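Q: There's a structure below that I have some questions on.
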Amino acid sequence: MTDVCEVVITAPDPAWLRSFTRELVEQRLCSSAHNFAPVHSIYRWQGEVHERTEGRASLHTRRALVPAIVEYARERHPYQVPGISARPIYDGNPEYLSWITAETDQSSTASDTADV
């Protein structure tokens, strides 16, 4: 089992989410963000069923950074309760998994130039 995971986050405005995920990469809280829009969401909130178009992002990061991502989102996210969940990455390309770890090392300033 690896120390990396995929974090999924949604937001009502895909452009806002794209900017937000760029901040997360710049802060080294995740190595990459893959933004998807539109996503049609159906959910229950405060006793009512809602449908709306949202943006969705998939982040690759270290499991230890998930609490920091959640806190960063709580301070900035337009939703009262941001939808953020994490899924472990059990296996994959070892070089890619190492790259995720290296890019989220907040003590490092050097960046690998590999295309991912």
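Q: Anything in segment 84-116 that is in contact with a strand residue (DSSP E or B) (Cβ under 7 Å, 6 or more places away or on another chain) and either modelled with pLDDT under 95 or outside any loop (DSSP other than H, G, I, E, B) (or both)? List them, or say none.
A: Selection gives ILE84, SER85, ALA86, ARG87, PRO88, LEU97, ILE100, THR101, VAL116.
Q: Within the bounds of segment 33-48, is there any residue that is touching a helix residue (DSSP H, G or I) at 6+ places or on another chain (Cβ under 6 Å), at pLDDT below 95, surrounded by 14 or more Cβ atoms within 10 Å (Cβ to Cβ) and aliphatic (A, V, I, L, M)?
A: yes
Q: Quick check on segment 38-54. Is at least one of its residues more than 17 Å from GLU71 (Cα to Cα), assigned to a strand (DSSP E or B), under 10 Å from the mean Cα position of the chain (by Cα) and touching a residue at least 12 places away in the same chain (Cβ under 8 Å)?
A: Within segment 38-54, none of the residues are more than 17 Å from GLU71 (Cα to Cα), assigned to a strand (DSSP E or B), under 10 Å from the mean Cα position of the chain (by Cα) and touching a residue at least 12 places away in the same chain (Cβ under 8 Å).
Q: Further question on the same structure: When the residues of segment 5-49 are filtered to those that are of a type in the set (A, V, I, L, M) and out of contact with any Phe, Trp or Tyr (no Cβ under 9 Å at 6 or more places or on another chain), which remaining residue is farthest from ALA73 (Cα to Cα)?
A: Among residues in segment 5-49 that are of a type in the set (A, V, I, L, M) and out of contact with any Phe, Trp or Tyr (no Cβ under 9 Å at 6 or more places or on another chain), the one farthest from ALA73 (Cα to Cα) is ILE42.
Q: While we're here: Being under 10 Å from CYS30 (Cβ atoms) and out of contact with any strand residue (DSSP E or B) (no Cβ under 7 Å at 6 or more places or on another chain) is the filter here; which residues of segment 46-67 pass it?
A: Residue satisfying the conditions is LEU65 alone.
Q: Follow-up question, since we're still on this one. Kindly check whether there is at least one residue in segment 64-77 that is of a type in the set (D, E, K, R), assigned to a strand (DSSP E or B) and either over 21 Å from GLN106 (Cα atoms) or without any contact (Cβ under 8 Å) to a residue 60 or more places away in the chain (or both).
A: There is no residue in segment 64-77 that is of a type in the set (D, E, K, R), assigned to a strand (DSSP E or B) and either over 21 Å from GLN106 (Cα atoms) or without any contact (Cβ under 8 Å) to a residue 60 or more places away in the chain (or both).
Q: One residue is enough: does segment 2-14 have a residue meeting the conditions in a helix (DSSP H, G or I) and not hydroxyl-bearing (Ser, Thr, Tyr)? Give the derivation first.
A: Step one: list which residues in segment 2-14 are in a helix (DSSP H, G or I), which gives 14.
Narrowing further to those that are not hydroxyl-bearing (Ser, Thr, Tyr): 14.
Yes, some residue in segment 2-14 is in a helix (DSSP H, G or I) and not hydroxyl-bearing (Ser, Thr, Tyr).
The values are calculated or read from the model by the stated rules, or taken from the named source; none is laboratory data. Small disclaimer: the values here were computed from a predicted structure and weren't measured. So basically every Cβ, Gly included, is an ideal-geometry build from the backbone, and we count neighbours across all protein chains shown.
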